[in-house]
Structures are given as structure tokens and as C-alpha cells.
1. Check which residues have an amide H placed less than 5 Å from Asp100's amide H, if you skip close sequence neighbours.
2. If amide hydrogens are placed 1.01 Å from N in the peptide plane, which non-local residues have theirs closer than 5 Å to the one on Val25?
3. Taking R0 as 30 Å, what FRET efficiency do you get between Leu92 and Asp29 from their Cβ-Cβ distance, rounded to the nearest 0.05?
4. Using the Cβ atoms and a cut-off under 12 Å, what net charge is assigned to the surroundings of Lys117, where Lys and Arg are +1 and Asp and Glu are -1?
5. What does the charge count near Leu42 come to, summing +1 for each Lys or Arg and -1 for each Asp or Glu among other residues with Cβ under 15 Å from its Cβ?
6. Taking K and R as +1 and D and E as -1, what net charge do the other residues with C-beta under 14 Å from the C-beta of Ala56 add up to?
Amino acid sequence: MFSKKPESTARPSASSPMAGATFSVLGPDIAIDGDLTATADLHLDGKIAGDISCAALIQGEGSEVSGMVVAESARIAGRIKGSITAGVLTILKTARIEGDVTYGALTIEEGAQVDGKFSHRAAEPKLMLAGGTEASGRGRTEPSTGQEEVARAQGVAD
């Protein structure tokens, strides 16, 4: 009369909402000597001797970075010896920064320590294509005369 549905053991597929979400965690037992690049969000509790480049950085209180940090957004709670460049930057009260700070939007909690120069950078305008895709600013530096396209269409070799 009553039946229990079997529990699903399905893992997220490529079409599931969580498939594109990525988050990397470097725990307090991790120490890296070298540069770190992540296309995902990064939660750092360990020690890094090198530059960090990521989408978003969340730094724990016990974390230490000796190098440059570049991120779209960053929440700093540990120690950084090097420059920071972030679009949205939050410096928590436990943070200790020795280096220059470049930001788009800035929040600093009372008690945070920064020994360096602050520079505001205006957000760079982005060209968006239909469908929400960001257009690359790379490519031709000069306007096209159209002659290259005509020559290709006629099968004329360069």
C-alpha cells in the first residue's frame, strides 16, 4: 500500500545548476611555494609564497600570502605581504597588509592594519554581446577596410 521511493544517488550532471559552480579550498595544512591561478573562487587558509590570481578570494585569519593578489573580489582576514588589486575588496579587522591596495569598491573594518598606498580604480567598461557573453577587447587594433575579407572570399592568397 505504501511504498518508499529509493533514494537518489545521482550526481550533478552538466545540465544541473551546480555543474558550473566551482570553489577551491586550501586548508591550513597547505603551503605552496609558487604562483597560484584559479578560474574559480578560492578559499585560502594556508600559506602561499607567490602571486595569486582568481575570480574571488576569501582569506582566513590564519592564512599568509607573500606575493601579489589579483581578484575580481577579495575578503581579506589574514596576512598579506604584497600588493592587492580587486574590484570589490573587504578588509576585515584581523587583516594585516604590507603593500599597496588598488580597488574598485572598498570596505575596511575597524582594527584592520594596512601599511601601503590606496588607489581607487574606476571600473572598466565592458562590451556585452547578445546572450550575456562578454566581448573580448583583443583582436584587431585598426579598423578593417574590408579588403582582407573580400580577398578571402575570392580565394586570393595573402
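1. Answer set, sorted by chain and number: Ser83, Ile84, Lys117.
2. The list, which skips near neighbours in sequence, is His43.
3. 0.85
4. Values: positive: none; negative: Glu98, Asp100, Asp115.
Residues near Lys117 contribute -3 overall.
5. Working: positive: Lys47, Arg75; negative: Asp35, Asp41, Asp45, Asp51, Glu64, Glu72.
That sum, taken over residues with Cβ under 15 Å, equals -4.
6. Working: positive: Arg75; negative: Asp41, Glu72.
That works out to -1.
Bear in mind that the values in this text are calculations on the coordinates, not laboratory data. Owing to the predicted nature of the structure, the values given are computational and were not obtained by experimental measurement. Positions of Cβ are backbone-derived with ideal geometry, glycine not excepted, and every protein chain shown enters the neighbour counts.
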